[in-house]
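The values are calculated or read from the model by the stated rules, or taken from the named source; none is laboratory data. Model, not experiment: these values are computed from the prediction. Glycine also receives a Cβ, built like all others from the backbone with ideal geometry; neighbour counts cover every protein chain displayed. Surface accessibility is based on the protein's heavy atoms, side chains included, excluding ligands, DNA and RNA. Shrake-Rupley method; radii C 1.70, N 1.55, O 1.52, S 1.80 Å.
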Amino acid sequence: MPYVQPLAPGFRYGLGVISGAGTAGQLVRISGEDVITVNTDPAKRSFGMLERTYKDGEMPGVICSGGIYETDQFVGTPAPGDELACDAATGKLKVKGATEFAVGEVISAGSGVLRFKLFV
């Protein structure tokens, strides 16, 4: 089961609805008035990260405004110090490319668990 564990949490936003479904650890963007959508475009700014799985139309809990977290939901092989961005295929965290928005920084990565500082 995908998880996002707050170690030193930032702010949690829990208003509005999600358009489409989303799972824990996916990055989201604002797509309308109090409407968020899973972000699958690294060139668009992410608003935060889903704290658990949500169905279309539900009011999601979005982790935003920083903090330190750990998750098993990421793509690739990030290393300490790497900046993180949104993966275009999955909406999950990945190592940031040159033209992508940074959403976090890797603290540690090993045994399938990523610890990171959230920027958004």
Fill in the blank from the handout: When ASP56 is run through (1) surrounded by fewer than 14 Cβ atoms within 10 Å (Cβ to Cβ); (2) in contact with a Pro (Cβ under 9 Å, 6 or more places away or on another chain); (3) at pLDDT 95 or above, the failure sits at (2)
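Taking the options ARG45, ARG115, ARG12, name whichever one is part of a loop (DSSP other than H, G, I, E, B), open to solvent by 60 Å² or more (accessible area, probe 1.4 Å) and either out of contact with any Pro (no Cβ under 9 Å at 6 or more places or on another chain) or not small (Gly, Ala, Ser) (or both). Show your work before the answer.
Details: ARG115 fails: part of a loop (DSSP other than H, G, I, E, B); ARG12 fails: part of a loop (DSSP other than H, G, I, E, B).
From the options ARG45, ARG115, ARG12, the qualifying one is ARG45.
Check segment 74-84 and report whether any residue there is of a type in the set (Asp, Glu) and more than 21 Å from LEU15 (Cβ to Cβ). Steps first, please.
At the first step, the residues of segment 74-84 found to be of a type in the set (Asp, Glu) are 82-83.
In the following step, the residues that additionally are more than 21 Å from LEU15 (Cβ to Cβ) were identified as 82-83.
Within segment 74-84, one or more residues are of a type in the set (Asp, Glu) and more than 21 Å from LEU15 (Cβ to Cβ).
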Exercise for the section: State whether the residues of segment 90-99 include one that is surrounded by fewer than 18 Cβ atoms within 10 Å (Cβ to Cβ), modelled with pLDDT under 95, in a strand (DSSP E or B) and hydroxyl-bearing (Ser, Thr, Tyr). Expected result: no
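Quick grid of which residues meet (1) outside any loop (DSSP other than H, G, I, E, B); (2) closer than 16 Å to ARG29 by Cα; (3) open to solvent by 10 Å² or more (accessible area, probe 1.4 Å); (4) touching a strand residue (DSSP E or B) at 6+ places or on another chain (Cβ under 9 Å):
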{"residue": "THR77", "(1), (2), (3), (4)": "no, no, yes, yes"}
{"residue": "GLU105", "(1), (2), (3), (4)": "yes, no, yes, yes"}
{"residue": "SER108", "(1), (2), (3), (4)": "yes, no, yes, yes"}
{"residue": "VAL120", "(1), (2), (3), (4)": "no, yes, yes, yes"}
Practice task
Would you check which residues across segment 26-41 are assigned to a loop (DSSP other than H, G, I, E, B) and either touching a Phe, Trp or Tyr at 6+ places or on another chain (Cβ under 7 Å) or acidic (Asp, Glu) (or both) and list them?
Solution key: GLU33, ASP34, ASP41
Exercise for the section: Using the structure shown, decide if GLY66 is at positive phi and under 13 Å from the mean Cα position of the chain (by Cα). Expected result: yes
Completion exercise
Flagged pairs (Cβ under 7 angstrom, 6 or more apart or on separate chains; first in segment 70-93, at positive phi; second open to solvent by less than 50 Å² (accessible area, probe 1.4 Å) and among the polar types (S, T, N, Q)) are GLY91/GLN26; GLY91/ASN39
Completion exercise
Among the residues of segment 1-44, the number that are in contact with a strand residue (DSSP E or B) (Cβ under 7 Å, 6 or more places away or on another chain), of a type in the set (A, V, I, L, M) and under 15 Å from MET59 (Cβ atoms) is 7
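Being over 13 Å from ASP87 (Cβ atoms) and either among the acidic types (Asp, Glu) or in contact (Cβ under 8 Å) with a residue 40 or more places away in the chain (or both) is the filter here; which residues of segment 29-43 pass it? Full working, then the answer.
Step one: of segment 29-43, the residues over 13 Å from ASP87 (Cβ atoms) are 29-37.
Hits for segment 29-43 are GLU33, ASP34.
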